[in-house]
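Input: a single structure, listed below in structure tokens.
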Amino acid sequence: MIRLKPSQAPLLVLLALSLPASALQIVDAKDGETAFAKISQKEVTRISFERGRIRKVTGNAGEFVLEKDEDKGQIFIRPTQADGTKPINIFVTSDRGTVALLLQPIDSPADSIVIREGRAVGSSPSRIERSGRHVRTLKNLLLAMATDALPDDMEIRETARVLALWPGVRLTLQRVYLGTGIVGEKYQLANLAKSDVTLTESDLFKSGVMAVSLEHRTLRAGETTNLFVIRERNAND
């Protein structure tokens, strides 16, 4: 059995060594901002909002071919000139605002662009953060993460980032819940070793972490479990 020590598990190091695990283009933008993304020269590119529907698209219709998926609130776009490299400017509008996209055609296969609309700095706290006492706030957020609830007044980021951990152990950040002052992170912890792994919540605490919850503390070879971390929000989130 492998026993993991607190000194082996600083989350700060784990996050610093995170690796991208998806080729999907995630574009962060708010109402009134301009974001850059790449599109295929010859194939269609799907564009959608992470949490919302595209209501309107504005641009020079002569520069691109547009198909709308009204059922899912997404669009498919392809440059008119298959070998063109001139950037295409469009405005896409959701229920929350309008984002300008500067799309650079490149020689690549069909791709997808997901626009992630951030909450404005200084916006009001979520209902979970307004739930009262400190302990109650933590419990409510832990419950939301454990049940895969998606509070409509928190920003939700779906990720698939594999983080460097101990040999034989893999940690994957799956979802992030962003409030005005707190952040909830849902991880999947997998034991890739041939022996048991045992750890406790105290092994995963670091500065700024407010709560840690493990569904299972001991994992047999090949088993996985969920890990939930609640921490203070900082300027880089």
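The values are calculated or read from the model by the stated rules, or taken from the named source; none is laboratory data. In this text, all values refer to a predicted model and were calculated from it rather than measured experimentally. Here Cβ is always computed from backbone atoms with ideal geometry, including for glycine, and neighbour counts include all displayed protein chains. Note: accessible area is taken over every heavy atom of the protein model, side chains too, but ligands, DNA and RNA are not part of it. Shrake-Rupley method; radii C 1.70, N 1.55, O 1.52, S 1.80 Å.
Summary table
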{"quantity": "Accessible solvent surface per residue of the range 46-109, calculated while the other protein chains remain in place, 1.4 angstrom probe, Å²", "calculated": "57 Å²"}
{"quantity": "Chain lengthening between GLU201 and GLU70 when straightened (0.36 nm per residue, less Cα-Cα)", "calculated": "42.6 nm"}
{"quantity": "FRET efficiency, 1/(1 + (r/R0)^6) with R0 22 Å, evaluated for LYS194 and HIS216 via beta carbons", "calculated": "0.75"}
{"quantity": "Solvent exposure, largest accessible area first (probe 1.4 Å, DNA, RNA and ligands not counted), of PHE76, PHE64", "calculated": "PHE76, PHE64"}
{"quantity": "Residue-wise HN-Hα coupling along the range 74-84, computed from phi with Karplus coefficients 6.51, -1.76, 1.60 (Hz; x: Gly, Pro)", "calculated": "10, 10, 10, 10, 9, x, 5, 8, 5, 10, x"}
{"quantity": "Whole-Hz couplings from phi, Karplus 6.51/-1.76/1.60, listed for the range 166-183; x for Gly and Pro", "calculated": "6, x, x, 10, 10, 10, 10, 7, 9, 8, 10, 10, 10, x, 6, x, 10, 10"}
{"quantity": "Rounded if a/c under 1.5, otherwise prolate or oblate - the range 34-122, Cα gyration tensor axes", "calculated": "prolate"}
